[in-house]
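*Asks:* I have a structure here, written as structure tokens, and I will follow up with some questions on it.
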Amino acid sequence: MKRKKICELLKGSSQLDNVLVKGWLRTRRDSKTFSFLEINDGSCLKNIQVIADSTLDNYTEITKLTIGSAVGIRGKLVKSQGKGQDMEIQAQSIEIISLAPESYPLQKKRHTDEFLRTIAHLRPRTNKYGAIFRIRSELSYAIHKFFRDKGFKYIHTPIITGSDCEGAGEMFRVTTLKPDQKIKKGYVEDFFGQETNLTVSGQLSAEMFALALGDVYTFGPTFRAENSNTSRHAAEFWMVEPEMAFCDLEDDMDLAEEMINFLITHILDNCAEDIQLFAKFVDKKLMTTLENIRAGAFLRLPYSDAVDILRKSGKKFEYEVKFGKDLQSEHERYLTEQHFKKPVIIYNYPKEIKPFYMRLNDDDLTVAAMDVLVPGIGEIIGGSQREDRSEVLVERMDELGQFPGDYWWYIDSRKYGTVPHSGFGLGFERTLMLLTGVKNIRDVIPFPRTPGSIEF
Ligand code: 4AD
Ligand code: MG
């Protein structure tokens with residue numbers, strides 16, 4: 001007989017004979033003639049209550065069941081008499097699959113996020129982390145659904161690459177050379193015969209496919225060796241990168257806005273119970289924040305105007321605000337949280353602070369870049385219209401110290417039927433932080449990788 005998931009059983013309200021449920025014991029309460037077990041199987045936040053009556057053969061063992069023990073229950077699903085749950089199971093038999101010792105760390109009490117990070121292998125068994133990872137799964141599905149409904153094709157771009165797309169040099173090297181190996185000829189002796197890294201973005205590859213299939217996206221792991229221990233950066237994270245042919249910066253901003261709204265709606269509709277947990281215990285303003293984002297259009301503002309607003313704000317920032325300098329998290333958050341109190345898209349950034357692939361504007365000073373900033377997070381999306389003119393592209397590479405020879409294939413794509421095209425990268429974990437109100441990126445990643453930390 002196949003086990004039923006608790007989420008399915010709790011959805012209905014009709015009585016069912018002979019159901020089988022398997023899960024882990026969350027709590028147990030004994031009376032003279034009954035034992036009440038709360039069982040969770042991870043399929044949803046809720047437990048199912050099981051009533052074990054003293055006539056069961058192994059009743060003595062049942063009354064010794066410890067928290068975290070695994071059990072299989074066969075019985076009758078009935079409407080519950082008690083308060084707080086709709087359905088419960090009257091057990092006909094209970095199989096004790098395994099007993100957890102009393103030292104099980106997740107006893108019924110609140111644990112701090114910091115402590116739970118030290119037991120990352122067990123934390124998905126708690127209500128909060130179970131909810132995070134169910135939402136994470138649903139969000140992945142929502143991303144594919146969004147693009148599929150729009151006719152975008154999913155492209156698997158390489159994880160191991162030879163290019164530094166962002167030009168920031170924050171890459172992890174991939175090599176088969178031994179640490180103490182004496183190298184005479186440099187990278188040619190290495191596995192791929194050239195310098196090789198884990199990808200920081202699938203964009204350059206995705207562009208090649210946009211110029212063939214029209215609208216495409218990648219969605220996969222990316223890696224950055226930024227040695228900044230912040231609550232919003234991970235060394236390994238997932239990025240969603242759409243790329244559209246025949247599309248300018250404005251179309252790009254439209255897609256970004258539509259996508260964020262779609263993802264919020266999808267999660268509110270499909271993960272209501274899990275989201276409620278965050279609205280209650282993690283961020284009391286969560287629902288207002290999410291509803292506000294959906295309520296109106298995102299504000300769109302050129303970078304130079306953002307600089308003016310920040311300079312006139314009278315706020316003391318740690319980092320100086322000046323045309324030509326990148327906006328820091330404190331500036332981004334001031335704009336979206338305090339000044340406009342809604343998502344803001346900043347566009348047309350100075351060319352010096354942006355990568356070679358962004359399209360140079362006619363002013364020769366700025367590029368057609370855009371960043372989407374949201375309350376509580378700051379930058380959630382970075383994107384641009386791409387430089388589609390090969391001569392300008394090569395000039396920009398020279399200016400930024402990139403060697404055009406390394407990107408011959410990228411430049412080559414502009415020779416044959418080059419077209420305006422645009423795309424962006426959405427930080428998947430930052431989106432999860434927005435949706436749950438969780439403040440540290442380490443807590444939305446199953447096994448986070450950050451500087452000095454790779455235990456699990
Ligand atoms: O702004 P970024 O660096 O843009 C790109 O990589 C472009 N190639 C994307 C494109 O146009 N196809 O990164 C995009 C987003 C950021 O806005 C942020 O949300 C997220 O990726 N991100 C990180 N998330 C977690 N940890 C990090 N270290 C991140 N770095 C960027
Ligand atoms: Mg960025």
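*Asks:* So V200 clears everything in (1) more than 30 Å from I264 (Cβ to Cβ); (2) without any contact (Cβ under 8 Å) to a residue 40 or more places away in the chain; (3) assigned to a loop (DSSP other than H, G, I, E, B) except one condition, right? Which one?
*Replies:* If we test V200 against (1) more than 30 Å from I264 (Cβ to Cβ); (2) without any contact (Cβ under 8 Å) to a residue 40 or more places away in the chain; (3) assigned to a loop (DSSP other than H, G, I, E, B), just (1) comes out false.
*Asks:* Let me ask something additional. Taking interchain pairs and intrachain pairs at least six residues apart, which have beta carbon atoms under 9 angstrom, with the first residue in segment 368-394 and more than 30 Å from L286 (Cα to Cα) and assigned to a strand (DSSP E or B) and the second of a type in the set (K, R) and more than 9 Å from ligand 1 (Cβ to nearest atom)?
*Replies:* Listed pairs, sorted by first residue: A368/R359; Q385/R359; R386/R359.
*Asks:* Okay, moving on. Just give me the residues in segment 314-351 being over 30 Å from E399 (Cβ atoms) and without any contact (Cβ under 8 Å) to a residue 60 or more places away in the chain, in sequence order.
*Replies:* Scanning segment 314-351 gives G314, K315, K316, R333, Y334, T336, E337, Q338, H339, F340, K341, K342.
*Asks:* Another question, then. Being away from ligand 2 (no atom under 15 Å from the Cβ) and of a type in the set (A, V, I, L, M) is the filter here; which residues of segment 212-248 pass it?
*Replies:* Matches in segment 212-248: A212, L213, V216, A225, A235, M244, A245.
*Asks:* While we're on this one: So which residues in segment 229-254 are more than 14 Å from the chain's Cα centre (by Cα), buried (at least 22 other Cβ atoms within 10 Å of the Cβ) and outside any strand (DSSP E or B), if there are any at all?
*Replies:* C247, L249, D252
*Asks:* What is the residue count in segment 404-446 for residues that are among the small types (G, A, S), within 15 Å of ligand 1 (Cβ to nearest atom) and either free of Cβ contacts under 8 Å to residues at least 24 places away in the same chain or in contact with a helix residue (DSSP H, G or I) (Cβ under 6 Å, 6 or more places away or on another chain) (or both)?
*Replies:* Looking only at that region, the number is 1.
*Asks:* If you go through segment 321-356, how many residues are within 22 Å of G423 (Cβ to Cβ), away from ligand 2 (no atom under 13 Å from the Cβ) and part of a loop (DSSP other than H, G, I, E, B)?
*Replies:* Within segment 321-356, residues that are within 22 Å of G423 (Cβ to Cβ), away from ligand 2 (no atom under 13 Å from the Cβ) and part of a loop (DSSP other than H, G, I, E, B) number 2.
*Asks:* Those residues that are within 16 Å of ligand 2 (Cβ to nearest atom) and over 24 Å from T196 (Cβ atoms), I need them from segment 394-422; list them, please.
*Replies:* S422
*Asks:* Turning to a different aspect of this structure: Need pairs with beta-carbon distance below 9 Å; first residue farther than 22 Å from S140 by Cβ and within segment 219-235, second modelled with pLDDT under 95 and of a type in the set (D, E); sequence gap 6+ or separate chains.
*Replies:* Close Cβ pairs satisfying both conditions: A225/E170; E226/E170; N227/E170.
The values are calculated or read from the model by the stated rules, or taken from the named source; none is laboratory data. In this text, all values refer to a predicted model and were calculated from it rather than measured experimentally. All Cβ positions, glycine included, derive from the backbone under ideal geometry; neighbour counts span all protein chains shown.
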